[in-house]
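What follows is a short report on a single structure.
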Amino acid sequence: MKNRTIIGILCIVLAVAIMFGLAPLMNSVASGKIEVVQVVGRIDPGQLITEENIKVVQIGSFGIKDTAIKDKNQVVGKYAAVTLVPDNCIYPDMVSDDSDSADNVFRQLNGTQQAMSITIPSFANGLSGKLQNGDIVSVVIVSESESVIPPELTYIRVITTTTAKGTDNDKITENEDGSTDLPATATLLVTPAQAKLLALHDHKSKMYLTLVYRGDAETADKFLKAQNELLAKGGEGNE
């Protein structure tokens, strides 16, 4: 009987301790508030984030990782690396300093455009290793009898170039001797019909990439729009 009494008293004491000690502590943690940055509306990968796109809100801190972005200056002026939706916290790996990384472009592929790599067999074929992500290029096809720029390949966006070791252009670092590895392929943003044409010529012809434009995205989009109009006139939309 004495043991049962002691156990009963201990249970009562423990229950009181939980009620007046641990429970308030848990409630305090659960009710804690934190300010975080969220977006006002959906932002797709590669889209520039402006001050109008975001808001700073106060939410419960329970379950929120410490790395959640709390300063809007860490978001404004950057680009979405993934789809950002309202009411979700933003973490550092969800934003990028630029919109031209290969991963950002790949996340935007929607079926109407594809990513395709072509071979850069020599130093000259790939603009002497000077191509950059986002460049607008023309593809010169060289056969035994002529060299032409097919209308379908007049303006194409470079997603990235990649070395034989598999390193993309924006991640290349210098070797110990100060040299850098040259690109072995160029990955381009193309339509399915352009992909077929490039695959054919990559197999049987020589191809040279010539730089048409490097600069702001708005002007680059004008070249791509002109290319789309050429493709539409050629009936590619029926492919």
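The values are calculated or read from the model by the stated rules, or taken from the named source; none is laboratory data. From a predicted model like this one, the values you see are computed outputs, not experimental measurements. Positions of Cβ are generated from backbone atoms using ideal geometry, with glycine treated the same way; all protein chains shown enter the neighbour counts. The area values use the complete protein model at the heavy-atom level, side chains included, leaving out ligands, DNA and RNA. Shrake-Rupley method; radii C 1.70, N 1.55, O 1.52, S 1.80 Å.
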Next on the checklist: Return the residues of segment 109-129 that are without any contact (Cβ under 8 Å) to a residue 60 or more places away in the chain and not aromatic (Phe, Trp, Tyr); say none if nothing qualifies.
Outcome noted: Leu109, Asn110, Gly111, Ser122, Ser128, Gly129
Checklist entry - Tally time: how many residues in segment 201-218 are over 23 Å from Ser99 (Cβ atoms), open to solvent by 50 Å² or more (accessible area, probe 1.4 Å) and modelled with pLDDT under 95? => result 4
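Those residues that are among the aliphatic types (A, V, I, L, M), out of contact with any Leu (no Cβ under 7 Å at 6 or more places or on another chain) and under 27 Å from Gln108 (Cα atoms), I need them from segment 57-91; list them, please.
Those that are among the aliphatic types (A, V, I, L, M), out of contact with any Leu (no Cβ under 7 Å at 6 or more places or on another chain) and under 27 Å from Gln108 (Cα atoms): Ala68, Ile69, Val75, Val76, Ala80, Ala81, Val82, Leu84, Val85.
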Checklist entry - Given the residues Gln74, Gln114, Gln108, which is the only one that is over 20 Å from Gly41 (Cα atoms) and open to solvent by 70 Å² or more (accessible area, probe 1.4 Å)? => result Gln114
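Does Thr83 satisfy the criteria of being of a type in the set (S, T, N, Q), in contact (Cβ under 8 Å) with a residue 40 or more places away in the chain, surrounded by fewer than 13 Cβ atoms within 10 Å (Cβ to Cβ) and more than 21 Å from Pro183 (Cβ to Cβ)?
Numbers: of a type in the set (S, T, N, Q): yes; in contact (Cβ under 8 Å) with a residue 40 or more places away in the chain: yes; surrounded by fewer than 13 Cβ atoms within 10 Å (Cβ to Cβ): no; more than 21 Å from Pro183 (Cβ to Cβ): yes.
In short, no.
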Checklist entry - Failed condition for Asp168, given (1) in contact with a helix residue (DSSP H, G or I) (Cβ under 6 Å, 6 or more places away or on another chain); (2) open to solvent by 50 Å² or more (accessible area, probe 1.4 Å), with all others met? => result (2)
Next on the checklist: Checking the structure you have, find out if any residue of segment 120-130 is of a type in the set (A, V, I, L, M), in contact with a strand residue (DSSP E or B) (Cβ under 8 Å, 6 or more places away or on another chain) and surrounded by 19 or more Cβ atoms within 10 Å (Cβ to Cβ).
Outcome noted: yes
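From the set of residues in segment 131-143 that are in contact with a strand residue (DSSP E or B) (Cβ under 6 Å, 6 or more places away or on another chain) and in a loop (DSSP other than H, G, I, E, B), which is surrounded by the most Cβ atoms within 10 Å (Cβ to Cβ)? Steps first, please.
Our first condition is that a residue be in contact with a strand residue (DSSP E or B) (Cβ under 6 Å, 6 or more places away or on another chain); within segment 131-143, this holds for 131, 133, 135-142.
Adding the requirement that they be in a loop (DSSP other than H, G, I, E, B) leaves 131, 133, 135.
On the way: Leu131: 20, Asn133: 20, Asp135: 23.
It comes out as Asp135.
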Checklist entry - Among the strands (runs of 3 or more DSSP E) confined wholly to segment 1-120, which include 1 or more residues that are at pLDDT below 90 and among the small types (Gly, Ala, Ser)? => result 54-60
Checklist entry - Of all residues in segment 148-165, which are over 17 Å from the mean Cα position of the chain (by Cα) and open to solvent by less than 50 Å² (accessible area, probe 1.4 Å)? => result Pro150, Leu153, Thr154, Ile156, Thr163
